[in-house]
Amino acid sequence: MPKPVIQSVLIIDDDAALRRSIVAYLKDSGYRVHEADGGHDGLRLFAKLKPDLVLTDLMMPELDGLGVVTAIRQSSPDTPVVVISGNGSVSYAIETVRQGAWDYITKPIHDFRSLEQVIEKVRARIAEITAQRSRQTELERSVADHALKLQQLRSSDPLTGLPMRPQLRELFDAFVRQGDLPHDLYVILLDLDNLKSINKTFGHAYGDLLLVETAQRLRLHESATVTVGRLGADQFVILLTGCGEVHGCIQALRQVLAPPFNLAAEEVFITACLGIAAFPHDGESLDSLLQHANQALSQAKQLGSDKYAFYSTDLSDRLRERMSRETSLHRALERNEFFLNYQPKVTAGSWRICGVEALLRWQPLHQQSVVQPNDFIPILEETGMIVEVGRWVLETACRQLMAWQQPTDTPLQLSVNISAVQFHAGDLPEIVESVIAATGIEPERLCLELTESVVMQDSSLAIATLQRLRQLGVMLSIDDFGTGYASLNYLQRMQLHELKIDRSFVKNLPNDKNALAIINSVLSLADNLALSVVAEGVETSEQAALLASLGCHQLQGFYFSRPLPPHGIQELLDHTP
């Protein structure tokens, strides 16, 4: 690398003799030299001549060397400045270096070759700074190139080759700028229903093949009015323009997935849910339309697989409320916002309390009213929080039963609802066993209530789980019986203890002949299988008398008592003869 060029030097010194000596030496050495007899004059010449190097005396009237260093550093920070100090001002010279001077020379100068040595040091430092800046520039260029490549990779999906959000946004914005965006543009999010199952069954490599083929099928429908992109995971986006009848266009997209996919030598059928947002009614930017289409997609998924939904402001309000509720539920357990009420069950005929059903309630902090169970229990189930909350319910209810049992020795049975998520989580028997051990409850006093649909899913696994629970000694009940599809064969294999007749069959008694026939059938079935029968939703004395006469073993409903806090149950027990 060639030496950095220093051709012109400015000398600022009020000592005329020393200044002339330095000027003479540097001129003889081949430099162009300019001189000034004070700080102000030196700065004026510097601004005019822009020398490559400045040599300045420290101790000068009016404007000293520190003032010169500060001024030059502010106007031209890359220009090297070397200060010349007397023996008495070396410490001041060092301070000047701290303030920005590159080096210093002490007076008197006995050998002017020291000037050349200082200039060589300055030249070396200039070379180092230049090389460092060159490396920094090259690094910045490399980073910029890398960022551009990353941006290109992010713009196009590496798996399917479809445009991703940045490219789609550019296309959308270009339409807007050109004024070519039609008023019947729809942004559609398409989310595959089965991809997780495919990955789990066949492996992620086959899941990727499914995504690639899905992209290829969608691309076959691309045109001047249909643009297909991918947002990631199992989600595709379609920009649909100039579509005269949107429902027909949507059905055409759904038909893309209708033919089977061939994976691992097997035919696999795939469905998808769609969320749709319309420009400009639902948003004027692609990001806002995608956001609203995603909200509509969430609504479609709640309806089941292979469904679609359009965005609406009402939907947005409901989703926002649900999200807020879900956020609150995540902290509800640690904030002690959950509590249990208990509804008594009575023995038919004697009307004595024989058991209670534990019912989960939620009252968020700083809220006066209790949230209805239908408004928060489905969220607990969908998010999986029901597993942790369900364990809390089970243990809290068992401890409460023991509290009632200890002073009164009343032989109550406790019923606790088990959700599908809890039942299929795989560790329900272990949780029940640990709760029994922790609370000291007698297993036969605990009755787990499950719905028909819960135990009929993966029936072989359900039966195995039920058998493990029976081995613990707990009672097992089918809740809302008659609304599902449990067959006699499965009821025999499940070895249950109890059936609960759903309230929908009780509410119109005694006048509903069809409901009466169903109840008689259930009672006959239960009698043959040696099962106890509980009728819930009893609200009148006529219903209670009729159900008792038909042979129901236990009754539950508002006629006997609404759900009560623990102290309310205690008062009922205290007044029971």
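Numbers for the structure displayed
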| quantity | calculated |
| --- | --- |
| Mean residue ellipticity (222 nm) of the chain, computed from DSSP H runs ≥ 4 via -39,500 (n - 2.57), nearest 500 | -16000 deg cm²/dmol |
| Rg and Dmax of the range 8-131, Cα atoms only, in Å | 13.1, 39 |
| Rough spin-label spacing in nm, given labels placed 7 Å along Cα→Cβ, for residue 70 and residue 529 | 9.5 |
| Global geometry of the range 254-362, whether rounded, prolate or oblate, following the gyration tensor of its Cα atoms and the 1.5 cut on a/c | oblate |
| Rg over Rh [alpha-carbon atoms, Kirkwood Rh] for the range 165-311 | 0.98 |
| Helix 204-219 vs. the chain, principal-axis angle (Cα, 0 to 90°, nearest 10) | 80 |
| Percentage relative contact order, the chain, counting C-alpha pairs under 8 Å, at least six apart | 7 |
| Pairwise label distance in nanometres, residue 129 with residue 420, each label 7 Å out on the Cα-Cβ vector | 7.3 |
| Angle between the chain longest axis and helix 373-383 axis [Cα atoms, degrees, rounded to 10] | 60 |
| Neighbour-count order for 342, 186, fewest beta carbons within 10 angstrom listed first | 186, 342 |
| Angle between the chain longest axis and helix 16-28 axis [Cα atoms, degrees, rounded to 10] | 80 |
| Per DSSP, loop trypsin sites (Lys or Arg not before Pro) in the range 321-378 with at most 15 further Cβ within 10 Å | 335, 352 |
| Sequence of 301, 500 once ranked by neighbouring C-beta atoms within 10 Å, starting from the fewest | 301, 500 |
| For the range 333-348, 3J(HN,Hα) per residue [Karplus equation, 6.51 cos²θ - 1.76 cosθ + 1.60, θ = phi - 60°, Hz, x = Gly/Pro] | 5, 6, 8, 6, 8, 7, 8, 10, 10, 9, 9, x, 10, 10, 6, 4 |
| Relative counts (whole %) of C-alpha pair distances in the chain, using bins that are 20 Å wide | 15, 27, 20, 17, 13, 7, 1 |
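FYI, it's all coordinate maths here, none of it is from the lab. Computed from a predicted model, the values in this text were never measured in an experiment. Here the Cβ is made from the backbone with ideal geometry for all residues, glycine too, and neighbour counts use every protein chain on show.
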